[in-house]
Amino acid sequence: MAEEVTEERLLNKIRRVKLLILDVDGVLTDGRIIIDDAGLESKQFDVKDGHGLKILMRYGIGVVLLTGRRSRVVEHRAADLGITEVHQGIWNKAEAFEEILNRRQIAPEETACVGDDVVDIPLLRRAGFSVAVADAVLEVRQIVDYVTHHQGGRGAVREVCEVILKAQNRWPDVAVRYEFA
């Protein structure tokens, strides 16, 4: 699913990753929000993205959700995946990023961040490995280290998980576990 990254400079960035920070709407979802007549919100998530995140966490890489909107749906999805750190209603993502890193004692170079819109740019500029989903706005795609082949909510996060695990030479362990080598 993920294309092999071969550029040494980029591989060195990815090898340092200890924490993946994800936007939600447009990254873990396709960006659409469904609100029914009762005002209840729903979103669609890709099961492959979720499985990729579980595999990534199994290999010791932390995952944080950092989003500008608030939604109970996000809380439910995070709990389902075992993601314990979720920040919602955050408009100053750079400030939240610094707080997360200070608390976890992680350097910016040890992070990967995935975004899709201009509000994500300050965060992406600070990350060690910055990623835009394929359907991100042009301004985001122009400033990142890697643009996924998959769109947000359609396997982009799974692709990022595989890129990280392959660059860190952990993918063979995944292959053995699932016997697809």
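Distance from the C-alpha centroid of the stretch 41-75 to that of the stretch 83-108: 15 Å, rounded to the whole angstrom. Packing-based ranking of 111-117, 18-24, 69-75 yields 111-117, 18-24, 69-75, ordered from highest to lowest mean Cβ neighbour count within 10 Å. Within the accessible area of the chain, the carbon and sulfur atoms contribute 47%, probe 1.4 Å, all protein chains present.
Shown for the stretch 1-104 is the translational diffusion coefficient from the Stokes-Einstein equation, using the Kirkwood radius over Cα pairs, a temperature of 25 °C and a viscosity of 0.890 mPa s: 161 µm²/s. For a paramagnetic label modelled on V47 (point 7 Å from Cα along Cα→Cβ), amide N atoms under 16 Å away are absent within the stretch 21-38.
Any idea what % of Cα-Cα pairs in the stretch 4-46 are farther than 16 Å? Percentage above 16 Å: 60.
Local charge for Q44 was computed over the other residues whose Cβ lies under 12 Å away, with Lys and Arg +1 and Asp and Glu -1, and equals -1.
For D37 and R72, the difference between the fully extended length at 0.36 nm per residue and the C-alpha to C-alpha distance is 10.9 nm. Candidates G62, L10, G152 compared by Cα position along the dipole of the chain: farthest toward the positive end lies G62, with charges placed on Cβ. The residues of the stretch 24-91 expose, per residue, 51 Å² of accessible area to a 1.4 Å probe.
Label positions at R58 and E95, each projected 7 Å from the Cα along the C-beta direction, are separated by 3.9 nm.
Ordering of 163-171, 36-44, 124-132 by packing is 124-132, 163-171, 36-44, highest average first (other Cβ atoms within 10 Å, averaged per residue). Can you classify the stretch 48-105 as rounded, prolate or oblate using the Cα gyration tensor, where a ≥ b ≥ c are the square roots of its eigenvalues, rounded means a/c under 1.5, and otherwise it's prolate if a/b beats b/c and oblate if not? It is oblate, given that a/c is not under 1.5 and a/b is not larger than b/c. Across the alpha-carbon set of the chain, the Rg to Rh ratio works out to 0.95, Rh being the Kirkwood radius.
The values are calculated or read from the model by the stated rules, or taken from the named source; none is laboratory data. All values derive from a computational prediction rather than experimental measurement. When we count neighbours, we look across all protein chains shown, and the Cβ atoms used for this are built from the backbone with ideal geometry, even at glycine. Keep in mind that these areas ignore ligands, DNA and RNA; they rest on the heavy atoms of the full protein, side chains included. Shrake-Rupley method; radii C 1.70, N 1.55, O 1.52, S 1.80 Å.
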